[in-house]
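Colleague: The structure follows.
No lab work stands behind these numbers, since they all come straight from the coordinates. All figures in this text were calculated on a predicted structure; none of them were measured in a lab. Ideal geometry is used to build each Cβ from the backbone, glycine not excepted, and the neighbour counts take in all protein chains shown.
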Amino acid sequence: MVWKNVAEAAPARKRRTQAERTAETREALLDAAIRLLYRNGYSGTSTEAISEEAGVTRGALHHHFGTRAQLMADVIGTVYERERRAYEEIAADTGRGAHISDWPEMLWEVLSRPSGLAVLEILQASRSDGELAALVTPMQARVEQMSLDTIKQQFGNGDDAGMLAGIRLFVWAVRGLSIAQVLAPNPEEMRSSIDFLKRLIDGAISAGTIDSRGRPLPG
């Protein structure tokens, strides 16, 4: 009698909606692709390996993404959104981000993660894969535009071309160092390069070449 009452009192477990199940499967596939790209590189990240890593069928992968190339393009968009949230969390937790010289270290903390290296694998592969390039090129353009919009919100409007040039310089310098970190005898040595970039920025500010928001000053 007691057990019956307990069973009757227990709340019914809420069933997941179709939308929730779809989102969870997509997330599992994207996370699996990121892990494999980091561990095995682009050539070692097949749809079969991704579906096995995610614990779903290859049919499910193709249902959600269609092709391997589309999945890889969506990895870039997903990682960017996660990175954007990571920058916001760093700024909220540490107070960094209001000064342009804060950004080399912030970029390093985020882009040198496995997900950042996974994206780099995709970008490099797109150089010789036409199908992948056709999807990645507009995705990368959207990522750059969203980055530019974020920087303008943070530092104010300015010369878009100049600001985009600065974003590209910072991002690709740090991405390059993230690869060098893999090959360096002491990966922590890469941080000295990040510190050097920060000192270059501080020097340009002191010299009156740019302001603290990275905007060029009249000579």
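Colleague: Out of (1) 39, 23, 18; (2) 35, 18, 15; (3) 43, 24, 15, which label holds the value of semi-axes √(5λ) of the Cα gyration tensor in Å that was computed here?
Modeller: Entry (1).
Colleague: What is the dipole size for the chain, taken about its Cα centre, with +1 at each Lys and Arg Cβ and -1 at each Asp and Glu Cβ, in debye to the nearest 20?
Modeller: So the dipole magnitude of the chain works out to roughly 540 debye.
Colleague: Moving on to the next point. Of the peptides 209-216, 179-186, 44-51, how do they stack up when ordered by the mean number of other Cβ atoms within 10 Å, highest first?
Modeller: Order by mean packing, descending: 44-51, 209-216, 179-186.
Colleague: With contacts defined as alpha carbon pairs under 8 Å and 6 or more residues apart, what's the relative contact order of the chain in percent?
Modeller: Reported relative contact order: 21 percent.
Colleague: If you don't mind, there's one more thing I want to ask. Test of understanding: what is the full-extension gain from L200 to D149, defined as 0.36 nm times their sequence separation minus their Cα-Cα distance?
Modeller: Extra length from L200 to D149 when fully extended: 15.9 nm.
Colleague: Let me ask something else about it. For the chain, build the charge dipole from Cβ charges (+1 Lys, Arg; -1 Asp, Glu) around the Cα centre, then report which of T22, I76, V182 sits farthest towards its positive end.
Modeller: Going by the Cα projections, it comes out as T22.
Colleague: A further question on this structure: Mind giving me the FRET efficiency for L217 and T137? R0 is 30 Å, r the Cβ-Cβ distance, nearest 0.05 is fine.
Modeller: That pair, L217 with T137, gives E of 0.30.
Colleague: Further question: Only helical DSSP H runs with n ≥ 4 go in: add -39500 (n - 2.57) per run for the chain, normalise by residue count and round the 222 nm mean residue ellipticity to 500 deg cm²/dmol.
Modeller: The helix-only estimate for the chain comes to -24500 deg cm²/dmol at 222 nm.
Colleague: Filter the trypsin sites (Lys or Arg not before Pro) in the stretch 120-188 down to the DSSP loop ones having no more than 13 other Cβ atoms within 10 Å, then list what survives.
Modeller: R127
Colleague: For the stretch 32-55 and the stretch 80-118, compute the distance between their C-alpha centroids and round to whole Å.
Modeller: The stretch 32-55 and the stretch 80-118 have Cα centres separated by 25 Å.
Colleague: Related question: If I model a spin label at D93 and R127 as a point 7 Å from the Cα along the Cα→Cβ vector, what separation in nanometres do I get?
Modeller: It is 3.4 nm.
Colleague: Could you give the angle, 0 to 90 degrees to the nearest 10, between helix 18-40's Cα long axis and the longest principal axis of the Cα atoms of the chain?
Modeller: So the helix axis and the longest Cα principal axis differ by about 50 degrees.
Colleague: Could you list which residues have their amide H under 5 Å from that of I210, counting only those 5 or more apart in sequence or on another chain, with H placed in the peptide plane?
Modeller: Long-range HN contacts for I210: I205, L217.
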